[in-house]
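Worksheet for the structure shown next.
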Amino acid sequence: MGCRPSTHASASAAARVISGRPAPAGKALQDWDVEEVAFWFSKLPSDLLQYAPVLALDDGCVLATVWTAEYLALKGVSEADAARLLAYRDKALRASATTADARGIATVPVAQAAALGVPSAMGSAAAITSSASATATLTITQTMTSGAKDVGVIKEPLMAVARKGLKILRAVLEDVGPSLPFGGSAAAILVVRVLEAVESAMANPENLQALRDRALSVLDIMVAYSEELARIESCRAIVSRFQDHLEKILSYARVYASRNCLLRLLTSGSDAEQYQGLVEELARLGEELMLLLATDNNARLQAVQCGVQESLALLRRAAVYQDPAADARALVEKLGGIDEVVVDGAKMSAVMQLLDVNAQMTIEVVSVLLKSHLEREPQRFITQPELRLFWHHQFGGRDEVPWYAFWDSFPQLLAEVPGAVLDAETVAELGRLLAEDSARTAFQRAVERGNKDTISVWELKLSFRGDDALLPQVVRLVGGGDAQSGSSSSSPAAPMAAAASAARYQLPPVPLSYTGRDEAAADIVARLTTGGNSGGGSSLLLLGDGGMGKSCLAADVGWRLLREGWLPAGVLWVDLREAKSGIEVEARFCASLNLQPEKSDNTPRILAALQRLLATCEEPAAGQEKITKLLMVVDNAEDAFMQQHGEVAGVLQVLLEKLVIGNPSLRLLVTSRPVHLTQPTAASSSSPQQLLSGLEERHVGAIQPDAAADLVRRLAPDLSEAQAGRVAEACQCVPLVLQLAADALNTGRLKLEELESLLQHHDQDGANDGCEREAAAMPSRHPHAGGTTVSLVRVVLASLGKHQYQHQQAAAQLAVFPSSFDEESAAALLGLTGPGQAHALLTSLYRHSLLQWADGSRGQYIMHMLVRQEAAKLGPEANQQAKKRFVQHVFSKLSEWSDMYTSAKEWRLAVLAARHEAASINAAMLLLADLDIDPALLATYFTLRNANLLNDALGILWRFKAQLGTICERILASLDTPSTSTAQQLGAASAAYMHSRALLDTDAGKAMESARACMELRQRLLGTEHPDTATSINIFASCLMNMGNEAQAEPLYRQALELRQRLLGPEHLDTLSVMYNLGSCLCSLGKNEEAVAIQRQTLEISRRVLGLQHPDTPRALSSLAICLDNQGLSTEAETLHRQALEMYQSVLGPEHPYTVLKIIILASFLHKNGQPGEAVLLYREALELQQRVLGPNHPSTLWTASLLVRHSRGTPN
């Protein structure tokens, strides 16, 4: 069996490192499978178990032949721990070799094994264990040690080795890595991953194999000339580019290794241009390597030259793209499109005859896969193919199911899904992995985004990648992987499942580069839990300049607390970056608690939600010490303090004070840069710097020089100890700058001397000048310190322009994202449409420390605030254009979600998706007021359905009334110019419409002004016979009704209804909304008979079109009940009121504000109709719900309490 390094196919060992299974007596170490390696790993000292998620995935062949100090360093293992791991490996190797010899098992020398054509098998144990980092080098023609000087020793080209079989080729690649120039070992590992992806490809084999061979050819040159290239400093940049390019090839190949490629093959165009680009870059890399060597004509080079002729010839040969589905696509189009083909077996069979896919892709499999993609059912949002097929088969058109229903069938029924190709062994492996309750709890907590009692297709979309296999992704979610703390704490890293059993946790992963904070983290843990030596515990403010690692320190503290058994209620993470208003600050806290923010004063609801969360934990017994139950991390608090309006900082101050005072078992950990405000806050008479005086302050500065130098050595292992110290000193031991600088050195963008000179220059000249100018430009704030750090980041990012201009420009564009983002959003922003392009670019940016993981599932990326700030400056034009594309992308998604919201099956998904992107929606709306957007585009952004989603479903449209007012004013003023086009005028009308919707419930008078402008523009430009004209009439009528002018509103509603019925049809949802409005208007006017008739019709259509599970249906039911009551039909009205309440409880939940309001409406109805006893009980039920959800001092709670008092007089309990 050939060596297989860590891959997703065998990743389950990482999750079961505490179990595994022992290797049979006498089995050689290199023959151990991952289960046996996992068992061996579980017996290591507990502090080494922190590396299990990345190392227990290796099989015995990799353990025996590939493990070296360099390999382990690439996996994030410290130098000291690597030496220990290698020593334990060598001990196991000697033991297995001794047992094998005792049993008469023959051992085969490496060179002889290769000559016989068998996989890599180690010869004598002594050859392997001569030193902790020694590795036997496998060759085919003869043995050669790394760095040998003998010019006559030539390795057989990798292209020739490839013809002997992939297993042998893997073993060779894993062996040659350490002998390559710096960075070549990582490139060799990437080539191995490319080989595996190509081998497992479902389609496109010819093109993938051609890319594989050309990648091997470049590596061949590096292997042949490794000694010479290692001495050439400029080789680093080429090797780094080679690594980035291999990521592109790997991402391209992985697309075709997933069954999701089928739809792309049959419906998308050719990717020939992308393929040609990949081929041409490989040729360039090969030529540039040879150019480096062109001036060296020593004897060894001339002798080696003949060995790489085949590789050079291949790289120089023109590539011919083989379209794997051109004929199949043409036939699909001829047969009427993919939808027609999928439902017709004969047509599908004809198409399959022309489709070049592997044997697993039968007609049944392809048909089921395509149907699950194409059917307008909720499962289409799940990108992982096995999960999508499973959901489609088990749960049909449901968008969410209870967790118990999910666990009743997952994973045991995966093998029964039609079209599934998961073998029984994989399904059984999943079953073992998820057998324990703790594992299932970990899975649930990792997937959960909303309702903790259910699992939805949207949560599965966010948690699982489409081009990765199912098993390793489940392993990651259950076993934690990167989600565990990456600190170097001596305490053992507990399995993720232990932490996941907490009620709620929202901790980001701690990066492997995090170091030097052990003492500080331990001290903070002590202060949060026991108050150090004083007892009692404290909430803390982590104050430090940007780039010091405050967020990483906070995450490390959170993981430590969970590992030590604190925080039974979990950890909440509130990120305040870009929070520029008081309501947005409150909205971020609400989001962490899964609350929908109201229009004002959300603090009582936030406090009540926290108290409910804390109440889920058992209180300590009498005499026992109170424990810290919940940690809330408030990250990037400076963004609230830096706003010109002190109201924002005041809102945060009051909220934090109430959190600390009202919850003794809650601890706050706030991170912020030092900020001086020049304006007092409305909420406090204290000086601005004392806003958080109630929190104990801890300064977070640079790490210690020794730790900084150690980090540099870990990131740039070829530097000497003295050189690493120089880098640390030049970077002033700032963690972020150390990472960026180490990457610049690794990739050859900067030399050590250049780095020192540039940083010294900026520290003395540029930093003070630039930072003082920036401070002067922002009168409301100025940095307390940190100007040098900013300049350091600026210098290193500027170096990207040398060899990685694409990365520099991509970073400038991605800086537009206000918070985390995924591949889909990045691809839309960057205009990347080819297979795997976005994934490859983001992976490279992560490797170069320009991006970080925002979550443990690796689905979301985030950019450090300082990197974001400086990257935007390096590409101002690209950044400005990206802002417009960002706005366009957000509104494109809004349009998709608003269409989903009108579906009975998908409205919940629409709300979940939109809430998940709340920060992006907020940023896009704010940008609109500042960008020079073509007014014609606004007609596509400010649509009726987008307004409905933002206003009715999310309740956030009112937040943007100021920005919408600015846009309206600016665009309406521009209409006076003669060059204004009709499209621009219609955009102005759309802006006026959206502005009127935002103001409707708070300022009907101003709303009517905008509504009138919208109506007049559309009537003039579109005429009276247009659906958009009907929309403008409807909103104008609603403004009149909200001002109490129902009589004037009625004819307008009738006009709008008649237009929509005629133009859109009687059952169109837009028609339905006008019917509802007209019925309510008639009811207010006392025209009860006609109102009842219209509301009955509205309810009937709503039930038929939207179903009973859409929130508009109980709303129509409740409105009809009110009309019936007004008409004197109280018996039927009561029945409908009760039905509406039951539907609200079922659809929205018992604690939703609409549900509680419905309880109050029913109570009022019953009291009025002679049933005071039940009315009082309902008032009490509503009051208890509001006290629990909103808090006792919320205005709604106080209002309900007054109703209860008033109606309880004279009423027995």
Check your understanding: Ignoring ligands, DNA and RNA, what accessible area per residue does region 210-257 give at 1.4 Å, in Å²?
Key -> 21
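Within a Cβ distance under 12 Å of Val332, other residues only, what is the Lys/Arg minus Asp/Glu net charge? List each step's numbers first, then the result.
Working: positive: Arg329, Lys334, Lys347; negative: Asp327, Glu333, Asp339, Glu340, Asp344.
Net charge around Val332: -2.
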Revision key, fill the gap. Of every hundred units of 1.4 Å-probe accessible area on region 1036-1127, the number belonging to carbon and sulfur atoms, as a percent, is 49
Exercise for review: Between Lys751 and Glu696, with labels modelled 7 Å along Cα→Cβ, what's the label distance in nm to one decimal, could you check?
Suggested key: 5.1
Review point. If amide H atoms are built 1.01 Å from N in the plane of the peptide, which residues on other chains or at least 5 residues away come under 5 Å of the amide H of Gly570?
Key: Ala503, Arg504, Leu631
Review point. With each label point set 7 Å from Cα along the Cα-Cβ vector, what nm distance links Ser981 and Gln360?
Key: 5.0
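Determine the relative contact order of region 1064-1213: mean sequence separation of Cα pairs under 8 Å and six or more apart, normalised by residue count, in whole percent. Working shown, then result.
Values: 168 pairs, mean separation 20.4, N = 150.
Reported relative contact order: 14 percent.
Rank-order 895-905, 1099-1109 by packing density, defined as the average count of other C-beta atoms within 10 Å over each peptide's residues, highest first.
Numbers: 895-905: 19.5, 1099-1109: 17.3.
Result, highest mean Cβ count within 10 Å first: 895-905, 1099-1109.
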Study note, to complete from the structure: Rounded to the nearest 0.05, FRET efficiency between Glu969 and Glu375 (Cβ-Cβ, R0 56 Å) equals 0.75
Review point. Once amide H atoms are built 1.01 Å from N in the peptide plane, which residues 5 or more positions from Asp575, or in another chain, come under 5 Å H to H?
Key: Asp635
Point to revise | Label point at Asp899 placed 7 Å out along Cα→Cβ; residues across region 933-971 whose backbone nitrogen lies under 17 Å | key: 940-950
Point to revise | Sorted peptide list for 589-600, 816-827, 740-751, criterion being average Cβ within 10 angstrom, highest first | key: 740-751, 816-827, 589-600
**Study point:** Alpha-carbon centroids, region 1068-1124 and region 852-915: separation in whole Å
**Key:** 36
Revision key, fill the gap. Rounded to the nearest 0.05, FRET efficiency between Glu206 and Arg1054 (Cβ-Cβ, R0 56 Å) equals 0.25
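Can you tally the net charge around Ser990? Count Lys and Arg as +1, Asp and Glu as -1, for every other residue whose Cβ sits under 13 Å from the Cβ of Ser990. Present the calculation step by step, with values, prior to reporting the outcome.
Working: positive: Arg945, Arg997, Arg1018; negative: Asp934, Asp1028.
Once positives and negatives cancel, what remains is +1.
Gain in length, Met352 to Ser1202, computed as 0.36 nm per residue apart minus the alpha-carbon separation, to one decimal in nm? Write down the numbers at each step before the final one.
On the way: separation 850, 0.36 × 850 = 306.00 nm, distance 7.11 nm.
Taking Met352 through Ser1202 to full extension adds about 298.9 nm, to one decimal.
Excluding ligands, DNA and RNA, what is the solvent-accessible area per residue of region 863-905 at a probe of 1.4 Å, expressed in Å²?
Numbers: 1680 Å² over 43 residues.
Here the per-residue accessible area is 39 Å².
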**Study point:** Under 14 Å, Cβ to Cβ, from Leu736 - net charge with Lys/Arg +1 and Asp/Glu -1
**Key:** +2
Check your understanding: Between Glu416 and Gln611, 0.36 nm times their residue separation minus their Cα-Cα distance comes to what?
Key -> 65.7 nm
Exercise for review: Please report, as a whole percent, how much of the solvent-accessible surface of region 538-600 comes from carbon and sulfur atoms (probe radius 1.4 Å).
Suggested key: 49
Review point. Per residue, how many Å² of accessible area does region 923-963 show with a 1.4 Å probe?
Key: 32
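In percent, how large is the relative contact order of region 931-1046, given Cα pairs closer than 8 Å and 6 or more residues apart? Don't skip to the end; give the middle numbers.
Working: 135 pairs, mean separation 31.0, N = 116.
Across region 931-1046, relative contact order equals 27 percent.
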Review point. Relative to the present Cα-Cα distance, how much length would full extension add between Arg84 and Gln723 at 0.36 nm per residue of separation?
Key: 227.5 nm
Point to revise | Computed label-point distance, nm, for sites Arg1012 and Ser268 using a 7 Å Cα→Cβ extension | key: 5.2
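The values are calculated or read from the model by the stated rules, or taken from the named source; none is laboratory data. This one's a predicted model, so the numbers in the text were calculated from it and none came from an experiment. Here the Cβ is made from the backbone with ideal geometry for all residues, glycine too, and neighbour counts use every protein chain on show. Ligands, DNA and RNA are stripped out before the accessible areas are found, and what is left, the full protein with its side chains, is counted by its heavy atoms. Shrake-Rupley method; radii C 1.70, N 1.55, O 1.52, S 1.80 Å.
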